[in-house]
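Take a look at the structure set out below.
The values are calculated or read from the model by the stated rules, or taken from the named source; none is laboratory data. Just so it is clear, the model here is predicted, and its values are computed rather than measured. Glycine also receives a Cβ, built like all others from the backbone with ideal geometry; neighbour counts cover every protein chain displayed. The protein model used for the area step is the full one, side chains on, heavy atoms only, and it has no ligands, DNA or RNA in it. Shrake-Rupley method; radii C 1.70, N 1.55, O 1.52, S 1.80 Å.
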Amino acid sequence: MSRARRAVLVLALVAAALSVWQLERARSGVVITPLLVGSTPATVYRLPDTGPAPVAVIAHGFAGSRQLMEGFGLVLARAGYIAVSYDLQGHGRNPVPMSGDVTQPGGTMRLLMDELGRVSDAALALPGTDGRLALLGHSMASDLVVRQAIRDPRVGAVVAVSMFSGAVTASAPRNLLVVAGAWETLLAAEAERALQLADPAARLGQTLGDPAAGSGRRAVLAPMVEHVGVLYAQTTLRESRDWLNAAFARTGNGGVPARGGWIVLLLVSVVALGWPLAGLLQRFRAQAPPPQLSRGRFLLALGLPAVATPLLLAPFDLRFLPVLVADYLAVHLGVYGLVALALVAGLGGLRRGNDAGTALLLALPVALFGLCLFGVALDRYVASFLPVAGRIPVMLAMAAGAVPFLLADAVLTEGGRAPLWRVLAVRSLALASLGLAVALNFERLFFLLIILPVILVFFVLFGTVGGWVGRATWRPAAAGVGLGLFLGWALAVTFPMFAG
């Protein structure tokens, strides 16, 4: 290993260790225990000496999990509340899939409200509660907590983050705080609209009514954040805590740990470990680098599958997995990858040889790098990564699509050796192809729009790792197959399970 790779290895390990130390420090002193409500897995956050205190039940958004909401649990627990965060049906490690009609408030939402009611009952039955209840929800769950607060008279305060809900009125729900990220343009307007239902002259940042009397309403923007960053913003966490304090006449503080930056540093440092680790694979380098297609042939091999795949699949209603739109995505990725690989092979862009077995063996440590290092960090601090048994068929189907897709990506980018414009073109058209699929069948596939940022982040982070592996080994298949297995796993645990 070169001196530069050793230096990066040391720096990445130090950064990762520092990040873990800071993230664990934010958890220290808080008693974190599991709670099972029927089949719904939950986590309880509280201080050891918490006396009679209100309960705050925390619900995540679509494709999220309770790990994503841990910042709220820690902040509220340190302020003296008993916080309970849970995995909604179909999400995280909840084995019960979502069901009902997701487009109707009386369909899936009613079932989720019933589940929230059961979790609230269990939370209020915990030792040390004083019978008062607050609900906090993000994105899809903002509508959930608003509707449940209107239905459940025990709810004394509501925090709706990135809210969209047609149930808000001038006076309901009681004590409503709305927080949106400043970069969430439409949801920022929705936050102001909720405030102006109570007073048309009100503006963001104002507090209307009296939270102590149950008539409070407030809407604020968290600066310089979007739909996910808003969950880690100091403004969001502080406003949520202060709103519950105002509603329940409490003064608990305990501070607001800055976890978001440390999470980013941890994930980046884990990715950075890929460069020195890729250097260990150089001893298995192929005898010659992968061939490069001419510009015209490259554009043909790139553009044809991007356009043809959504057009070929548009007539078919693909519903064979118990997960929303994952069945379509698995087939789209697989068809896209196979068509691209067939074109590349026909155009002379695949190296001939009998050492494919070596590339496949090298794919194993690449896959383990993503699953073990990145996956463990993700599951601990960001989002659920360990699957329940019901997701195993989904993982196999997603891997069957993701492996040829990323193998084609690795071949077209020459294992990371292609010019930057080619790399950007390959990944941009891959995302555009999925966007075209959504445009052709928006009603069926609009949930894919939520997954597109996940794939974009994957390209940014693990496309970089794949380039390191490809340049070190001159074997595109090592990166393509290894990262394809990881992407299949990641997508399978991200999509909500759904039983129509």
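Within segment 474-500, the set of residues being touching a Lys or Arg at 6+ places or on another chain (Cβ under 7 Å) and assigned to a helix (DSSP H, G or I) comprises 492, 493. Within segment 412-422, being on the phi < 0 side of the Ramachandran plot, assigned to a helix (DSSP H, G or I) and open to solvent by less than 20 Å² (accessible area, probe 1.4 Å) holds for 412, 422. For beta carbons closer than 8 Å, sequence separation of 6+ or different chains, a first residue in segment 237-265 that is over 19 Å from residue 380 (Cβ atoms) and among the β-branched types (Val, Ile, Thr) and a second that is open to solvent by less than 60 Å² (accessible area, probe 1.4 Å) and not in a loop (DSSP other than H, G, I, E, B), the qualifying pairs are 251/245; 256/75; 256/237; 256/241. The set of residues from segment 169-180 being in contact with a Leu (Cβ under 7 Å, 6 or more places away or on another chain) and open to solvent by 10 Å² or more (accessible area, probe 1.4 Å) comprises 169, 170.
Every test in (1) modelled with pLDDT under 90; (2) surrounded by fewer than 21 Cβ atoms within 10 Å (Cβ to Cβ); (3) among the aliphatic types (A, V, I, L, M) is passed by residue 445 save one, and that test is (2). The set of residues in segment 139-158 being open to solvent by 10 Å² or more (accessible area, probe 1.4 Å) and under 17 Å from the mean Cα position of the chain (by Cα) consists of 139, 140. Being open to solvent by 10 Å² or more (accessible area, probe 1.4 Å), of a type outside the set (Val, Ile, Thr) and either in a strand (DSSP E or B) or touching an Asp or Glu at 6+ places or on another chain (Cβ under 7 Å) (or both), is that true of even one residue in segment 56-65? No, segment 56-65 contains no residue that is open to solvent by 10 Å² or more (accessible area, probe 1.4 Å), of a type outside the set (Val, Ile, Thr) and either in a strand (DSSP E or B) or touching an Asp or Glu at 6+ places or on another chain (Cβ under 7 Å) (or both). When segment 283-303 is filtered for residues that are surrounded by 14 or more Cβ atoms within 10 Å (Cβ to Cβ) and assigned to a helix (DSSP H, G or I), the ones remaining, listed by number, are 284, 297, 298, 299, 300, 301, 302, 303.
Among the conditions (1) at pLDDT 90 or above; (2) buried (at least 21 other Cβ atoms within 10 Å of the Cβ); (3) at negative phi, residue 425 misses just one, which is (2).
If you go through segment 461-473 one residue at a time, do you hit one that is under 19 Å from residue 331 (Cβ atoms), in a helix (DSSP H, G or I) and in contact (Cβ under 8 Å) with a residue 60 or more places away in the chain? Walk me through how you get there before you give the answer.
We begin by selecting, within segment 461-473, every residue under 19 Å from residue 331 (Cβ atoms); these are none.
Checked segment 461-473: no residue is under 19 Å from residue 331 (Cβ atoms), in a helix (DSSP H, G or I) and in contact (Cβ under 8 Å) with a residue 60 or more places away in the chain.
Residues in segment 148-164 that are over 20 Å from residue 239 (Cβ atoms) and in contact with a Gly (Cβ under 9 Å, 6 or more places away or on another chain): 148, 151, 152, 154. The condition of being small (Gly, Ala, Ser) and in contact with a helix residue (DSSP H, G or I) (Cβ under 7 Å, 6 or more places away or on another chain) holds for only one of 160, 201, that being 160.
Residue by residue, here is whether (1) over 20 Å from the mean Cα position of the chain (by Cα); (2) closer than 30 Å to residue 246 by Cα; (3) open to solvent by less than 10 Å² (accessible area, probe 1.4 Å) holds:
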{"site": "31", "(1), (2), (3)": "yes, yes, no"}
{"site": "39", "(1), (2), (3)": "yes, no, no"}
{"site": "51", "(1), (2), (3)": "yes, yes, no"}
{"site": "67", "(1), (2), (3)": "no, yes, no"}
{"site": "88", "(1), (2), (3)": "no, yes, yes"}
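One residue stands out among those in segment 451-469 that are among the β-branched types (Val, Ile, Thr) and surrounded by 20 or more Cβ atoms within 10 Å (Cβ to Cβ): the one that is farthest from residue 385 (Cα to Cα), which is 469.
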